[in-house]
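First comes the structure, then the notes that go with it.
The values are calculated or read from the model by the stated rules, or taken from the named source; none is laboratory data. In this text the structure is predicted, and so the values were computed from the model without any measurement. Virtual Cβ from ideal backbone geometry, glycine too; neighbours counted across all protein chains shown. Heads up: the accessible areas ignore ligands, DNA and RNA and are worked out on the full protein's heavy atoms, side chains in. Shrake-Rupley method; radii C 1.70, N 1.55, O 1.52, S 1.80 Å.
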Amino acid sequence: MKEIKNKIQNLFADPVLRKKLILTFFIFFVFRLFAFLPVPAINLARLRVLFGQNQFLSLLDIFSGGTLINFSVMALGLNPYINASIIIQLLSVIYPKLEELTKEGEYGRFKINQYTRFLTLPLTILQSIGIYFLLHNQKIVTSLTPLEFFSFVATLTAGTFILIWFGELISEFGLGNGISLLIFAGIVGRLPVFISRTALIISKELVFNLLVFLVLAVLVIGAVVFVSEATRKIPVFYAKRIKGNRMYQAASNFLPLKLTQAGVIPIIFAVSFVLFPQLLGSFLVGAKNKAVSNFGHFLIVLFNPSGFFYNFLYFFLVIGFTFFYTVVIFNPQKIAEELQKNGGFIPGIRPGTSTKEYLEKVLYKITTVGALFLGIIAILPVLVAKISGISGLVIGGTSVLIVVSVVLETFKMIEAQLIMKNYDKFLK
């Protein structure tokens, strides 16, 4: 406790870090203000009744940070940007020019971010149009003139891009990853509402079920922290070598492989995929054509968030995206080449191809464990409902995972910057 207190004092004592912290909290504050700035022509009373009856929309609201239930100018949240990121990352695996950009350091990241923003624009416009017709079918928004309709779409599009800009400002001038922190801020901003709703549900249940829920909640938070911090350390030795006119002494180090190498990204990706059929179904159900309307009803029933198929698909999408994203961010071939180039080797493993095969074997083993854990966390509300008998839980494992992971990642970043500052003072 004393150590944490000292770190917080050091954080506020450093003028640069203090400015970064103030900027980050200021952007959080502005974001929460925008969450209560509604788009005109929306019947908010009808919208809230619809959210109370629809578990799918309640789940969407968690990731929008409350901007959707208030239908603010940022109602679409970061969803179009996340979808664009998924598409670009998938294309980078199959399209050689994009794959080359991922290897070009800062310039490559800049170009990929630029392409992601370009792709976000049409996706945001399409989602804005889709959400209008969805709300119009539910009689939540009145018929709009062409100019009003254009204004509606332009407002939602601008809101998403302002949110992306906020995220980039935090990443560049604030503390931590801006996009992750905004998702975190949205969840935390809605936390009092989630807790009160969950408490209301639990208060109607038996005392035993309440105890089961509390025990599970503590176990889940503990498991998330443990798995997020779990690392497999692979020892690496460097032989004595001469490079240029310098001699390098023998040394030892380790290569850290995290159990959840991909973090919360697979769950965010999977959520975007499994929510789309429900959104499409809600849009089609109001169609005049009976066959189209029936198909919309079929999608809504099939992809019910408490249903088997939805959770089955969600579970396996999380596992699939965990493996995909891990392969994208961790390249055993490149690591093996770098080790061989610098005279490093893993004890008992030959440099080159054998090292690559060994790293792949270890990576797949630990990723399997991490992927299964993330999959279970994703469908946790349904599992808890089956075990405890408490149905309709609002707080899910996904929200807990995102909050805990972002907090841990941000604190590590702050700690690294504090250590760097102290090291710079020592050198002076």
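Quick look at the numbers
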{"quantity": "Filtered residues of region 239-272 (kept if in a strand (DSSP E or B), over 30 Å from PRO80 (Cα atoms) and modelled with pLDDT of 65 or more)", "calculated": "ALA251, SER252, ASN253, PHE254, LEU255, PRO256, LEU257"}
{"quantity": "Long-range neighbours under 7 Å by Cβ, at least six apart or interchain, first residue under 27 Å from PHE303 (Cα atoms) and hydrophobic (A, V, I, L, M, F, W, C) within region 35-59, second at pLDDT 70 or above and open to solvent by 50 Å² or more (accessible area, probe 1.4 Å)", "calculated": "LEU44/PRO38; LEU50/GLN138"}
{"quantity": "Residue tally, condition exposed (fewer than 14 other Cβ atoms within 10 Å of the Cβ) and among the acidic types (Asp, Glu), over region 320-347", "calculated": "1"}
{"quantity": "Residues being out of contact with any Gly (no Cβ under 8 Å at 6 or more places or on another chain), surrounded by fewer than 20 Cβ atoms within 10 Å (Cβ to Cβ) and polar (S, T, N, Q) - total across region 138-164", "calculated": "5"}
{"quantity": "Qualifying residues in region 90-128 (those that are closer than 19 Å to ALA158 by Cβ and open to solvent by 70 Å² or more (accessible area, probe 1.4 Å)) - the one modelled with the lowest pLDDT", "calculated": "LEU126"}
{"quantity": "Residues of region 348-375 classified as at pLDDT below 85 and open to solvent by 60 Å² or more (accessible area, probe 1.4 Å), total", "calculated": "4"}
{"quantity": "From the options PHE345, PHE330, residue that is in contact with a Pro (Cβ under 8 Å, 6 or more places away or on another chain) and aromatic (Phe, Trp, Tyr)", "calculated": "PHE345"}
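Residue-by-condition table, conditions (1) over 23 Å from the mean Cα position of the chain (by Cα); (2) at pLDDT below 75; (3) open to solvent by 20 Å² or more (accessible area, probe 1.4 Å):
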position	(1), (2), (3)
LYS288	yes, no, yes
GLY296	yes, no, no
ILE300	yes, no, yes
LEU313	no, no, yes
